[in-house]
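In what follows, a single structure is set out as structure tokens and then discussed.
The values are calculated or read from the model by the stated rules, or taken from the named source; none is laboratory data. No experiment lies behind these values; they were computed from the predicted model shown. With ideal geometry, Cβ positions are generated from the backbone for all residues, glycine too; neighbour counts draw on all protein chains shown.
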């Protein structure tokens, strides 16, 4: 399940360098050469993390970060600031504006990827690439494969994302709205019934091996996954 990483950078060489390294690391890079373009992109697709340059044409990175933090839809998106401003006062200004991490230019692409992974582990553990499992069921996000007892099981991309979310958060009850926010983003036009359809498909994928029982329907609340129901 590739995380969407929005890069806001007006220097094309740096923008493409970051995008290439993100793609090679299994992320889905989104590009914007200004805060205004980034603002338009965010309205359509909520990114999982933003790599934001300080010095931008028009609206600067600090102003854009403050705007993101003031919006209920975007206030929790992790932000890494890229800048040539290495003085302590500038770092403090950036952090006080809602920046989660700070990297000065020139920077190592490997270090940037490491910092992105660290922030995603804290803010969105369901987006990390490590395989997850429940008993003999394993989900491998990098290969986008579901196996049960070593047998490959066919599953659609949206069903994979939902099941991955559940297994990363065993026994946690997710409402339909929470599932929509995590899987589609809260700008999506889907409704509750769409979630139910995808849950039905997941159960169908798992039914032959009896693993459909791990998905619990909590009346009036939503869905949860637990291994207790296999016994």
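Being touching a helix residue (DSSP H, G or I) at 6+ places or on another chain (Cβ under 9 Å) and more than 18 Å from residue 13 (Cα to Cα) is the filter; apply it to segment 51-66 and report the residue that is surrounded by the most Cβ atoms within 10 Å (Cβ to Cβ).
Filtering segment 51-66 for residues that are touching a helix residue (DSSP H, G or I) at 6+ places or on another chain (Cβ under 9 Å) and more than 18 Å from residue 13 (Cα to Cα), the one surrounded by the most Cβ atoms within 10 Å (Cβ to Cβ) comes out as 64.
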Filter pass, residue 229 being within 21 Å of residue 4 (Cα to Cα), modelled with pLDDT under 90 and in contact with a helix residue (DSSP H, G or I) (Cβ under 9 Å, 6 or more places away or on another chain):
no
Apart from one, (1) in contact with a strand residue (DSSP E or B) (Cβ under 7 Å, 6 or more places away or on another chain); (2) surrounded by 15 or more Cβ atoms within 10 Å (Cβ to Cβ); (3) under 30 Å from residue 177 (Cα atoms) all hold for residue 81; the odd one out is (3)
Does residue 69 satisfy the condition of being touching a helix residue (DSSP H, G or I) at 6+ places or on another chain (Cβ under 7 Å) and surrounded by fewer than 22 Cβ atoms within 10 Å (Cβ to Cβ)?
no
Kindly check whether there is at least one residue in segment 188-197 that is crowded, with 18+ Cβ neighbours inside 10 Å, without any contact (Cβ under 8 Å) to a residue 60 or more places away in the chain and in contact with a helix residue (DSSP H, G or I) (Cβ under 7 Å, 6 or more places away or on another chain).
yes
How many of the residues in segment 17-61 are in a helix (DSSP H, G or I), farther than 28 Å from residue 183 by Cβ and in contact with a strand residue (DSSP E or B) (Cβ under 8 Å, 6 or more places away or on another chain)?
1
